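The values are calculated or read from the model by the stated rules, or taken from the named source; none is laboratory data. Note that the structure is predicted; figures quoted are calculated from it, not measured. Please note: Cβ atoms are built from the backbone with ideal geometry, for glycine as well, and neighbour counts cover all protein chains shown. Areas reflect the complete protein model, heavy atoms only, side chains present, ligands, DNA and RNA absent. Shrake-Rupley method; radii C 1.70, N 1.55, O 1.52, S 1.80 Å.
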Amino acid sequence: MPSARPPATDRLCWALDVSLLGSPVVLRQTAGVFLVTFVLLSLFVSALFALEGDWAGLWPSLGVLAAVHLGLVAGALGVMVLYFGNRIAMAFTLDARGVLSEVQEPRARKAAQLATLLGLATGNISAAGAGMLACSGARSFVAWKQVERVRFDDARRTIYLARGWRTLAALFCTEQSYPEARAWVERVCKP
């Protein structure tokens with residue numbers, strides 16, 4: 001999908017505060033992390049009960065596991081609202097090679113490290129995994145050659161870069177940067 005013609009300028013940079021609960025991508029990815037960990041833990045617990053032949057204890061255990069995960073989801077939403085104030089500072093850079101997105105919020109790194117440590121200390125794989133994912137996602141680069149599909153959300157001033165079914169990056173733009181970023185992406189990622 002990317003074309004060989006780079007934009008006229010060397011790079012385009014902007015920074016903004018992204019709404020955590022107002023972003024479908026953030027909500028979808030947060031839900032995905034908790035859903036995947038719940039499914040994997042449920043399969044593990046089910047396998048243990050199957051090995052023991054204790055089918056009567058399976059459903060109550062899965063219920064407790066579901067309740068714990070719902071508590072973790074509520075805690076994550078609470079952290080988004082109370083700790084981060086429903087905002088996280090991010091910076092984006094577009095250049096001839098691709099897109100760099102960075103979380104600029106110092107509290108985000110501390111929260112991710114704390115979630116990882118607490119998750120490991122308490123044996124909570126979900127919390128530890130969410131913390132590790134947050135640490136790894138603090139800075140990401142997507143090369144233009146990886147992008148197969150682009151979707152523009154003019155109402156939210158967001159550009160979604162995808163490969164197959166997966167969103168590689170969401171470029172959250174300011175009112176001023178959106179037209180320029182959209183034009184850049186349209187030039188680089190021609191169908």
Item checked: Relative contact order, percent, the chain [alpha-carbon distance under 8 Å, six or more residues apart] -> 28 percent
Next item on the list: At a 1.4 Å probe radius, which order do Ile88, Ile159 fall into by accessible area, largest first?
Entry: Ile88, Ile159
Check: Over the stretch 20-107, what relative contact order in percent results from Cα pairs under 8 Å that are six or more residues apart?
Finding: 23 percent
Check: Can you give the percent of C-alpha pairs in the stretch 52-94 whose distance is more than 16 Å?
Finding: 61 percent
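Give the Kirkwood hydrodynamic radius (Å, one decimal) of the chain, defined as one over the mean of 1/r across all pairs of different Cα atoms. It would help to have the intermediate numbers written out before the result.
Working: mean 1/r = 0.0539 Å⁻¹.
For the chain, the Kirkwood estimate is 18.6 Å.
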Notebook entry, point to check: Which order do Phe141, Phe92 take by accessible area at a 1.4 Å probe, largest first?
Noted result: Phe141, Phe92
Next item on the list: Work out the FRET efficiency for Arg97 and Phe44 from their Cβ-Cβ distance, taking R0 = 25 Å, and round it to the nearest 0.05.
Entry: 0.05
Notebook entry, point to check: Lys110: accessible area at probe 1.4 Å, nearest 10 Å²?
Noted result: 130 Å²
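FRET efficiency for Glu186 and Trp165, Cβ-Cβ distance as r, R0 = 22 Å, nearest 0.05?
On the way: r = 22 Å, r/R0 = 1.01.
After rounding, the FRET efficiency stands at 0.50.
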Notebook entry, point to check: So for Leu117, Leu62, Leu27, what's the accessible-area order with a 1.4 Å probe, most first?
Noted result: Leu117, Leu27, Leu62
Notebook entry, point to check: Any idea of Arg166's accessible area? Nearest 10 Å², probe 1.4 Å.
Noted result: 120 Å²
